[in-house]
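Structure, as structure tokens:
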Amino acid sequence: MKVHEYQAKDILRKFGVALPEGQMAFSVDDAVRAAQNLGGSVWVVKAQIHAGGRGKGGGVKVARSLDEVRTYASQILGMRLVTHQTGPEGRIVKRLLIEQGISIARELYIGITLDRASSRNTVMASTEGGMEIEKVAAETPEKILKEFVDRGAGFRPYQARALAFGLGLTGDAFKNGVKFLQSLYKAYEAMDCSLAEINPLVVTTDGSVLALDAKMNFDDNALDRHPELAPLRDLDEEDPLEVEASKANLNYIKLDGNVGCMVNGAGLAMGTMDIIKLAGGEPANFLDVGGGANAQTVEAGFKIILADKNVRAVLINIFGGIVRCDRVATGVVEAARKVKVEIPVVVRLAGTNAELAGEILAASGMNFLVARSLKDAADKVTEAIA
């Protein structure tokens, strides 16, 4: 689950993370009032969408008068903001964050996430603040410092000091940087985050260390422990098909291809997408219907896959371990009749009662393409759209 920058900052503030003062705005008048409340003579008008690169897309402006605040707020509210993360369709800006202007001496980067290779949380830091961390990793990986956190010991003070030293912080900035790192990690762990990213982390001319931007993603599997996060979800920022899938308890992620995939099990789904690519096709989605696939889940999956206009064929790949293949086949037939599927459907069922499942599909009178193996399924579905 993702949240907006202002929401992430509200959470971080509770853990003692140092931040600029700011206020939310849903209208131009709100933006001007927020600037007046903050005081000062310089403000930053920031678009709030679930994507990075907002500044490059024209969604972040520095205002040096209340008239400029009004002008920039009028320009940004309602604009279709396109960044490298939104894709060409962009996002409509519906809310703003107005922040106090600050005197920046340096821009740095801090990020915390799970390193899957070591199964440990990892705190990353770089002197290349304001840049895309993927670009830094590709071009100058030596500029990314890492501290791996032991699950038993936690994030130790010496690790925070090592990162602060590696960033070249000295004096008050060093002390503030160490405190910042410790507070950020505390928030990351306490809130069951999958990502906490501060880009840029800024050092001011007086030695303060502040999160100029903030991104927090939360582990969906831990949301039951954090009911306070549910109201923060912004469905307007999520793909409509992914929202529908979540309502049906399906794990769905939309991709850019034209082969719809319906699979039970995340690992099998990843393998299915890989072999589709190997056969020359392009997966249109990741869709895991779960171990207990039935007529209802298959029907919901069909509806979601077919709502994607790019889909030209569907590959159903089910391994009958927990669920019997004949029950899945019955569900596929019922769902296909209700949804009225008009594109090729390749079905590969393996496991318990797989032969009976094949008979059910053959007797359905529907034009299913039955595959005997995963490779056969991938070849059939790519041939169907050739």
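The values are calculated or read from the model by the stated rules, or taken from the named source; none is laboratory data. No experiment lies behind these values; they were computed from the predicted model shown. For neighbour counting, all protein chains shown are included, and Cβ atoms are generated from backbone atoms with ideal geometry for every residue, glycine included. All accessible areas refer to the heavy atoms of the entire protein, side chains included, with ligands and DNA or RNA removed. Shrake-Rupley method; radii C 1.70, N 1.55, O 1.52, S 1.80 Å.
Averaging the sequence gap over all C-alpha pairs within less than 8 Å and six or more residues apart, then dividing by the number of residues, gives the range 234-287 a relative contact order of 40 percent.
Within the chain, the longest segment free of exposed loop sites, counting trypsin sites (Lys or Arg not before Pro) that fall outside DSSP classes H, G, I, E and B and have at most 10 other Cβ atoms within 10 Å, spans 152-308. Once you reduce the range 314-364 and the range 192-236 to the center of their Cα atoms, the two points are 42 Å from each other.
Close amide H contacts of Arg95 (hydrogens built in the peptide plane, cut-off under 5 Å, sequence separation of 5 or more or a different chain): Gln48. Working from Cα pairs under 8 Å separated by at least six residues, relative contact order for the chain is 12 percent. Phi-derived couplings, Karplus 6.51 cos²θ - 1.76 cosθ + 1.60 at θ = phi - 60°, listed residue by residue for the range 81-96: 8, 10, 10, 5, 9, 7, x, x, 6, x, 9, 7, 7, 10, 8, 10 Hz, with x used for Gly and Pro.
If you take the square roots of the eigenvalues of the alpha-carbon gyration tensor of the range 12-76 and sort them as a ≥ b ≥ c, do you get rounded (a/c under 1.5), prolate (a/b over b/c) or oblate?
Values: a/c = 1.78, a/b = 1.15, b/c = 1.55.
Judged from the Cα gyration tensor, the range 12-76 comes out oblate (a/c at least 1.5, b/c at or above a/b).
Computing FRET efficiency as 1/(1 + (r/R0)^6) for Ile253 and Asp206, where r is the C-beta to C-beta distance and R0 is 30 Å, gives about 0.10. Please give the FRET efficiency for Ser119 paired with Asp67, using the beta carbon to beta carbon distance and R0 = 51 Å, rounded to the nearest 0.05. FRET efficiency, Ser119 to Asp67: 0.40. Under 5 Å between amide hydrogens, built in the peptide plane, is the criterion, and for Ala63 it picks out Trp43, Val44, Val45 among residues at least 5 positions away or on other chains. So if I take the centroid of the Cα atoms in the range 84-159 and the same for the range 248-280, what is the distance between those two points in Å? The range 84-159 and the range 248-280 have Cα centres spaced 29 Å from each other.
Which percent, nearest 5, of DSSP beta bridges in the chain are antiparallel? Don't jump to the answer; show the numbers that get you there.
Numbers: 48 of 65 bridges.
If I count the DSSP bridges inside the chain, around 75 percent turn out antiparallel.
Would you please classify the overall shape of the range 101-140 from the alpha carbon gyration tensor, given that a ≥ b ≥ c denote the square roots of the eigenvalues, rounded means a/c under 1.5, and beyond that prolate means a/b larger than b/c while oblate covers the rest? Please list the in-between numbers first.
On the way: a/c = 3.61, a/b = 1.82, b/c = 1.98.
Since a/c reaches 1.5 but b/c is at least a/b, the shape of the range 101-140 is classed as oblate.
With the charge dipole of the chain set up from +1 on Lys and Arg Cβ and -1 on Asp and Glu Cβ about the Cα centre, the Cα lying farthest toward the positive end among the listed residues Val60, Ser208, Gly280 is that of Ser208.
For the range 55-134, what's the relative contact order in percent, using C-alpha pairs closer than 8 Å and at least 6 residues apart?
19 percent
Would you please name the GluC sites (Glu not before Pro) within the range 30-100 that are DSSP coil residues with at most 11 other C-beta atoms within 10 Å of their C-beta? Numbers along the way, then the final one.
Numbers: sites: Glu68, Glu89, Glu99; in loops: Glu89.
Those satisfying the criteria are Glu89.
Per-residue Karplus couplings for the range 264-279, computed as 6.51 cos²θ - 1.76 cosθ + 1.60 with θ equal to phi - 60°, are listed in order as 10, x, 5, x, 5, 5, 5, x, 5, 5, 4, 6, 5, 4, 4, 7 Hz, Gly and Pro entered as x.
To the nearest 500 deg cm²/dmol, what mean residue ellipticity at 222 nm is calculated for the chain from DSSP H runs of n ≥ 4 alone, each contributing -39,500 (n - 2.57), summed and divided by the residues?
Working: 12 runs with 138 residues, N = 386.
Value at 222 nm, helices only: -11000 deg cm²/dmol.
Magnitude of the Cβ-charge dipole of the chain, K/R +1 and D/E -1, about the Cα centre, nearest 20 debye? Each step should come with its number before you reach the end.
Working: 45 positive and 49 negative charges, 56 e Å.
That gives the chain a dipole magnitude of about 280 debye.
Ranking His50, His4 from most to least accessible surface, computed with a 1.4 Å probe over the protein chains only, gives His50, His4.
Springs join every pair of Cα atoms under 10 Å in this Gaussian network model of the chain, and among Pro344, Pro231, Pro200 the largest mean-square fluctuation is at Pro231.
Comparing mean-square fluctuations of Gly351, Gly166, Gly129 from a GNM of the chain with C-alpha springs under 10 Å, the top value falls on Gly351.
On full extension, the segment bounded by Leu223 and Glu139 gains 26.6 nm, given 0.36 nm per residue less the C-alpha separation.
The Cα center of the range 296-310 and the Cα center of the range 14-70 differ in position by 40 Å.
At 0.36 nm per residue, minus the direct Cα-Cα distance, what do Ser373 and Val42 gain on full extension? Give it in nm, one decimal, please. Intermediate values should be presented prior to the final figure.
Working: separation 331, 0.36 × 331 = 119.16 nm, distance 6.42 nm.
Net length gain for the segment: 112.7 nm.
Classification of the range 119-189 by its C-alpha gyration tensor yields an oblate form. The axis ratio a/c (a ≥ b ≥ c) is 1.5 or more, and b/c is at least a/b.
The computed Kirkwood radius over Cα pairs in Å for the structure shown corresponds, within [x] 24.4; [y] 23.5; [z] 22.3, to [y].
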